[in-house]
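The values are calculated or read from the model by the stated rules, or taken from the named source; none is laboratory data. A quick note: this is a predicted structure, and the numbers were derived from the prediction, not measured. With ideal geometry, Cβ positions are generated from the backbone for all residues, glycine too; neighbour counts draw on all protein chains shown.
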Amino acid sequence: MHDWTFLDIKYCWLEKKCVLRFKNRNSEIEEVCGNGVTLLNIPHQEEWGPSVSVNEITLSTINNKVNKLRVEMQSGDIITIQAINFSGIKNN
C-alpha cells in the first residue's frame, strides 16, 4: 500500500465502524474497514511536509481482543486505529 493516495475516513459512532478509502497505483478505489473500533487518532501536523501518500501500513495485535492499524503518511503523521478486526488490507 506504499505510495497509495489516502482519500478519506468515515466513522460511524453507533456501529463502531471505520472505513478508510485509498486510491491504489492503478487509480482504483480500495477500502480498509475496521469493526468494533475503540480508538481513532487522526493527526494532521505534516512534520515532514504536506503529502496525501501512504508510506506504510502495519497491523498488529495488542491483545487477544484488539488489533491496531497504523497508517504512516509521507507527511510524517501516523493514523492509529484500534478495533476488533480489520478487512481490506493489502500486502502491496
Can you tell me which residues in the range 4-25 are surrounded by 11 or more Cβ atoms within 10 Å (Cβ to Cβ) and over 15 Å from residue 82 (Cβ atoms)?
4, 5, 6, 7, 10, 19, 21, 22, 23, 24, 25
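So which residues in the range 10-49 are among the β-branched types (Val, Ile, Thr) and within 20 Å of residue 60 (Cα to Cα), if there are any at all?
Of the range 10-49, the ones among the β-branched types (Val, Ile, Thr) are 19, 29, 32, 37-38, 42.
Across the range 10-49, the qualifying residues are 19, 32, 37, 38, 42.
Might you let me know whether the range 26-33 holds any residue that is free of Cβ contacts under 8 Å to residues at least 40 places away in the same chain, exposed (fewer than 12 other Cβ atoms within 10 Å of the Cβ) and among the hydroxyl-bearing types (Ser, Thr, Tyr)?
Yes, some residue in the range 26-33 is free of Cβ contacts under 8 Å to residues at least 40 places away in the same chain, exposed (fewer than 12 other Cβ atoms within 10 Å of the Cβ) and among the hydroxyl-bearing types (Ser, Thr, Tyr).
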Of all residues in the range 37-49, which are under 13 Å from residue 71 (Cα atoms) and either β-branched (Val, Ile, Thr) or part of a strand (DSSP E or B) (or both)?
40, 41, 42
Testing residue 55 on (1) closer than 12 Å to residue 6 by Cβ; (2) exposed (fewer than 12 other Cβ atoms within 10 Å of the Cβ), one condition comes back false. Which one is that?
(2)
Report yes if residue 46 is in contact (Cβ under 8 Å) with a residue 24 or more places away in the chain, surrounded by 11 or more Cβ atoms within 10 Å (Cβ to Cβ) and of a type in the set (D, E, K, R), otherwise no.
yes
When you scan the range 60-76, how many residues do you find that are among the hydrophobic types (A, V, I, L, M, F, W, C) and within 13 Å of the chain's Cα centre (by Cα)?
3
Within the range 3-36, residues more than 12 Å from the chain's Cα centre (by Cα), not in a strand (DSSP E or B) and not small (Gly, Ala, Ser) come out as 3, 13, 14, 15, 16, 24, 25, 26, 28
List the pairs whose first member sits in the range 73-92 and is surrounded by fewer than 13 Cβ atoms within 10 Å (Cβ to Cβ), whose second member is at pLDDT below 95 and not in a strand (DSSP E or B), and whose Cβ atoms are under 6 Å apart, counting only residues at least 6 apart or on separate chains?
90/1
